[in-house]
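Here the structure is laid out as structure tokens; the discussion comes afterwards.
The values are calculated or read from the model by the stated rules, or taken from the named source; none is laboratory data. Just so it is clear, the model here is predicted, and its values are computed rather than measured. We place every Cβ from the backbone using ideal geometry, glycine too, and count neighbours over all the protein chains shown.
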Amino acid sequence: MNEKVMSLSEHLASAEKERKGVEPVTSLNPDLAIREAYDIQLTTIEQKVSKGEAIVGKKIGLTSKAMQELLGVSEPDYGHLLTSMEVKDKGIISRKQVMQPKVEGEIAFILKRDLKGPGITTEDVLEATEFVAPALEIVDSRIQDWKITLADTIADNASSGLFILGNNKRSLNEIDLVEEEMVFYKNDEEMNRGKGSAALGNPAYCVAWLANKLSEYDITLKAGEIILSGALSAAVDAAPGDQFKAVFPYLGEVEVSFA
């Protein structure tokens with residue numbers, strides 16, 4: 001194992017353990033390459049799996065043009081979803097589960113077949129999907145004050161925190177993924193709204209991108225995995241006592257509260 005990668009993985013793990021943000025990995029290592037950032041992420045995930053966690057899916061980040069421009073990138077990134085990250089619909093998130101959370105609404109894909117790139121198309125994704133569901137993602141950062149570059153967020157598991165799947169699962173023949181509109185509420189006040197098209201034109205395209213990107217690391221998207229396809233609108237800061245809900249016309253609702 002590369003000593004630099006291991007050291008930076010431990011640096012991020014210490015933030016989670018102490019519940020206190022740390023300085024960016026790119027401050028400690030200004031020349032950190034994107035490939036090394038993914039190596040840091042994978043090292044951290046392997047450590048967690050070795051301690052009994054299981055990978056249940058992946059998340060795709062930076063799918064909006066606004067976020068890509070903000071970080072000066074031209075493609076999304078991805079992170080891993082673990083068993084400990086799932087919160088039930090209408091569940092309550094405790095203070096100790098998060099550090100500096102923000103909440104996003106998105107469409108989740110649950111696969112019935114493996115997807116292994118390269119060469120995966122949007123059509124391949126549609127054929128491999130068992131159903132889609134409304135989802136909330138709690139993005140969080142181990143890096144103090146969200147002072148992140150692309151390499152920082154990738155190393156930090158794409159700033160993943162927690163996720164919530166709605167109970168209403170729909171087959172793809174019941175829904176127009178591109179036109180499906182989400183209205184996003186905080187404490188019953190509308191914060192923003194967005195369509196499926198906000199995720200690089202089509203959420204299924206995002207999943208195809210992921211399958212192809214993962215092939216560079218010889219990773220396959222497995223049947224049964226949950227794929228969070230990308231935020232449909234801007235992330236909203238969460239504080240203790242806040243309640244969030246995403247409402248879709250066909251996918252229904254998904255909701256979570258903070259203790």
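In region 30-49, how many are out of contact with any helix residue (DSSP H, G or I) (no Cβ under 8 Å at 6 or more places or on another chain) and over 21 Å from Lys17 (Cα atoms)?
3
More than 19 Å from Ala133 (Cα to Cα), of a type outside the set (Lys, Arg) and at pLDDT 95 or above: is that true of Asp218 in this structure?
no
Test each condition in (1) without any contact (Cβ under 8 Å) to a residue 12 or more places away in the chain; (2) exposed (fewer than 12 other Cβ atoms within 10 Å of the Cβ) for Glu10 and report the one that comes out false.
The one condition Glu10 does not meet is (2).
Taking only region 157-178 into account, find how many residues are part of a helix (DSSP H, G or I) and closer than 30 Å to Thr43 by Cβ.
Of the residues in that region, 3 qualify.
Which residues, taken from region 227-254, are more than 18 Å from the chain's Cα centre (by Cα), in a loop (DSSP other than H, G, I, E, B) and not charged (D, E, K, R)?
Ala239, Pro240, Gly241, Pro249, Tyr250, Leu251
Among the residues of region 182-201, is there at least one that is over 23 Å from Asp242 (Cβ atoms), crowded, with 17+ Cβ neighbours inside 10 Å, of a type in the set (Phe, Trp, Tyr) and modelled with pLDDT of 95 or more?
Scanning region 182-201 turns up no residue that is over 23 Å from Asp242 (Cβ atoms), crowded, with 17+ Cβ neighbours inside 10 Å, of a type in the set (Phe, Trp, Tyr) and modelled with pLDDT of 95 or more.
Return yes or no: is Gly224 within 22 Å of Tyr78 (Cβ to Cβ), in a loop (DSSP other than H, G, I, E, B), in contact (Cβ under 8 Å) with a residue 12 or more places away in the chain and out of contact with any helix residue (DSSP H, G or I) (no Cβ under 6 Å at 6 or more places or on another chain)?
Yes; evaluated as a whole, the condition is true for this residue.
Can you work out which of the residues in region 152-180 that are hydroxyl-bearing (Ser, Thr, Tyr) and surrounded by 18 or more Cβ atoms within 10 Å (Cβ to Cβ) is nearest to the chain's Cα centre (by Cα)?
Checking each candidate, the answer is Ser160.
Could you grab me the full set of residues in region 42-53 that are surrounded by 18 or more Cβ atoms within 10 Å (Cβ to Cβ) and closer than 15 Å to Glu3 by Cα?
Selection gives Thr43, Thr44.
Would you please name the residue that is farthest from Gln68 (Cα to Cα), looking only at residues in region 179-211 that are in a loop (DSSP other than H, G, I, E, B) and touching a Pro at 6+ places or on another chain (Cβ under 8 Å)?
Result: Glu180.
Looking only at region 40-87, count every residue that is acidic (Asp, Glu) and within 18 Å of Ala15 (Cα to Cα) and tell me the total.
Final tally of qualifying residues: 1.
For region 60-75, indicate whether the set of residues that are out of contact with any Asp or Glu (no Cβ under 8 Å at 6 or more places or on another chain), surrounded by 18 or more Cβ atoms within 10 Å (Cβ to Cβ) and not hydrophobic (A, V, I, L, M, F, W, C) is non-empty.
For region 60-75, residues out of contact with any Asp or Glu (no Cβ under 8 Å at 6 or more places or on another chain), surrounded by 18 or more Cβ atoms within 10 Å (Cβ to Cβ) and not hydrophobic (A, V, I, L, M, F, W, C): present.
If you go through region 21-41 one residue at a time, how many are without any contact (Cβ under 8 Å) to a residue 40 or more places away in the chain and either surrounded by fewer than 17 Cβ atoms within 10 Å (Cβ to Cβ) or in contact with a Ser or Thr (Cβ under 6 Å, 6 or more places away or on another chain) (or both)?
Residues in region 21-41 being without any contact (Cβ under 8 Å) to a residue 40 or more places away in the chain and either surrounded by fewer than 17 Cβ atoms within 10 Å (Cβ to Cβ) or in contact with a Ser or Thr (Cβ under 6 Å, 6 or more places away or on another chain) (or both): 5 in total.
Can you spot a residue in region 142-156 that is assigned to a strand (DSSP E or B), touching a strand residue (DSSP E or B) at 6+ places or on another chain (Cβ under 7 Å) and not aliphatic (A, V, I, L, M)?
The answer is no; no qualifying residue exists.
Would you check if there is a residue in region 241-250 being surrounded by fewer than 20 Cβ atoms within 10 Å (Cβ to Cβ), closer than 17 Å to Ile175 by Cα and not hydrophobic (A, V, I, L, M, F, W, C)?
Checked region 241-250: at least one residue is surrounded by fewer than 20 Cβ atoms within 10 Å (Cβ to Cβ), closer than 17 Å to Ile175 by Cα and not hydrophobic (A, V, I, L, M, F, W, C).
Return only the number of the condition from (1) assigned to a loop (DSSP other than H, G, I, E, B); (2) within 21 Å of Leu81 (Cα to Cα); (3) of a type outside the set (D, E, K, R) that Ser257 does not satisfy.
Unmet condition: (1).
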